[in-house]
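> Dropping a structure here in structure tokens format, bear with me for questions.
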Amino acid sequence: QVQLVESGGDLVQAGGSLRLSCAASGTIVRANNMGWYRQAPGKQRGLVAIISSSGNTNYADSVKGRFTISRDNAKNTVYLQMNSLKPEDTAVYYCNAWITPRGVIGTVNYWGQGTQVTVSS
């Protein structure tokens, strides 16, 4: 059984910073791509940032230069450092990971439960 547990969401003023964490636990052989998505009220869930197991990254245009994704492969943990936050960054942030669990051939996609980020103006 694999679970993704997020933490770090909070209420912050515009211009502030937050760091989200997502730890994958369970019988994991390999964590492949890991990433963050977000969903604001009334909007579809969309990609924020993604990082491969080798460290290659990709960002949504709206967060480039402000957000940084990183990971600790030894801990199966992915981070999202968010700087210069704007009110439009307000959303529920979801962790996503493609993981090879023990005893499984191939990869399985997992989602975290979400963590609320609210940026006040």
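> Is it the case that T118 is under 15 Å from the mean Cα position of the chain (by Cα) and at pLDDT 95 or above?
The answer is no for T118.
> Right, another one. When residues of region 79-103 are filtered for being touching a residue at least 60 places away in the same chain (Cβ under 8 Å) and part of a loop (DSSP other than H, G, I, E, B), how many remain?
The qualifying residues number 6.
> Now for a different question. Here's a check for you: in region 93-120, which residue that is touching a Phe, Trp or Tyr at 6+ places or on another chain (Cβ under 9 Å) and open to solvent by 40 Å² or more (accessible area, probe 1.4 Å) is farthest from Q13 (Cα to Cα)?
T107
> So, one more: Take region 104-121 and flag every residue that is outside any loop (DSSP other than H, G, I, E, B) and of a type in the set (S, T, N, Q).
Matches in region 104-121: N109, T115, Q116, T118, S120.
The values are calculated or read from the model by the stated rules, or taken from the named source; none is laboratory data. None of the values given here were measured: they were computed from a predicted structure. No Cβ is skipped: glycine too gets one built from the backbone with ideal geometry, and neighbour counts run over all protein chains shown. SASA here: full protein model, heavy atoms, side chains in, ligands and nucleic acids out. Shrake-Rupley method; radii C 1.70, N 1.55, O 1.52, S 1.80 Å.
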